[in-house]
Amino acid sequence: MAEHPLKQRFVLDTSVFFTDEIRRDDEDLQETVLRLLDLIAEAKLELGISCYVPPSIYDELSSMLEDRGVSDEVFSKLNTWVIKKHPSRFEVSIPAEIVFEFIDEMSDRVDRGLRVSEEAVREAQALDGDPLEGQEYMTDVDQLVSDLRGKYRSALRQGVLDSHEDFDLLILARELDAGVVTEDMGIINWSEDFGLRYLRGRDFPSLLEEYLNAGEQFE
């Protein structure tokens, strides 16, 4: 059997399965995930398109799905149609320039995090620790700490690789010459630096549908 001209590989991030952008109005999470997995299965059988996840991403995804109480059918289809593969961390090379840029960016983010912390300390000096209006168990200091956490997380983590799972995904995509599918802006930014093709998760189902429609022309 001849190889199909549309055959491609994709590496999927956890965010693909949970973005509200792929959910139809009348669907719950389980129905959305099943529909996506059915599309992945059809694209595999009809066009030879393969979807992969690193085991670290699979574990994260499985844990999140379990927490949301999805049925065994979801896991059965996930295990059947999405391929788990460890990235070849010792074989895939990364340009030194990318590592240099990562170190430079993290140094800048640490400085931004320090500035956020310094601002919070100055604000705390003007607070007296009194309960907030209508909040019996939360003081103005508690609110400041909560705000600090959000700002600090944004300064250090938003838009950057911040987990082994993210790095595994990029290494696997580079190894397989596959497209990255994600809603995570940090992964998208680094996909560009890695020279990888990428696609927003919200666009993935419609892409598969277009491929399947186009594939009918070859029958």
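List of remarks:
- Given (1) open to solvent by 50 Å² or more (accessible area, probe 1.4 Å); (2) at pLDDT 85 or above; (3) not in a helix (DSSP H, G or I), number of the condition Asp128 does not satisfy: (2)
- Check on Gly48, at positive phi, more than 17 Å from the chain's Cα centre (by Cα) and in contact (Cβ under 8 Å) with a residue 12 or more places away in the chain: yes
Yes or no, residue by residue, for (1) open to solvent by 20 Å² or more (accessible area, probe 1.4 Å); (2) β-branched (Val, Ile, Thr); (3) in contact with a strand residue (DSSP E or B) (Cβ under 6 Å, 6 or more places away or on another chain):
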{"position": "Asp26", "(1), (2), (3)": "yes, no, no"}
{"position": "Ile49", "(1), (2), (3)": "no, yes, no"}
{"position": "Pro54", "(1), (2), (3)": "no, no, no"}
{"position": "Ile57", "(1), (2), (3)": "no, yes, no"}
{"position": "Asp72", "(1), (2), (3)": "yes, no, no"}
{"position": "Trp81", "(1), (2), (3)": "yes, no, no"}
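- Restricting Val116, Val99, Val16 to those that are open to solvent by 60 Å² or more (accessible area, probe 1.4 Å) and β-branched (Val, Ile, Thr) reduces the list to Val99.
- Taking every residue in the range 12-41 that is touching a residue at least 40 places away in the same chain (Cβ under 8 Å) and pairing it with any residue that is part of a helix (DSSP H, G or I) and open to solvent by 30 Å² or more (accessible area, probe 1.4 Å), at least 6 positions away or on another chain, the pairs with Cβ-Cβ distances below 6 Å are Thr14/Glu60; Thr19/Arg202; Glu21/Arg202; Ile22/Arg202; Leu37/Lys77; Leu37/Trp81; Ile40/Trp81; Ala41/Trp81.
- Test: residue in the range 59-69 that is open to solvent by 50 Å² or more (accessible area, probe 1.4 Å), in contact with a Pro (Cβ under 6 Å, 6 or more places away or on another chain) and not in a helix (DSSP H, G or I): no
- Restricting the range 178-213 to residues that are over 20 Å from Arg23 (Cβ atoms) and not in a helix (DSSP H, G or I), the residue that is nearest to the chain's Cα centre (by Cα): Val180
- Residue check, Arg153 charged (D, E, K, R), over 26 Å from Tyr211 (Cβ atoms), open to solvent by 70 Å² or more (accessible area, probe 1.4 Å) and modelled with pLDDT of 75 or more: no
The values are calculated or read from the model by the stated rules, or taken from the named source; none is laboratory data. Keep in mind that what you see is a predicted model, and the values were worked out from it rather than measured. Cβ coordinates were reconstructed from backbone atoms using ideal geometry, including for glycine residues, and neighbour counts include every protein chain displayed. Accessible surface is based on the protein model in full, side chains and every heavy atom, while ligands, DNA and RNA are left aside. Shrake-Rupley method; radii C 1.70, N 1.55, O 1.52, S 1.80 Å.
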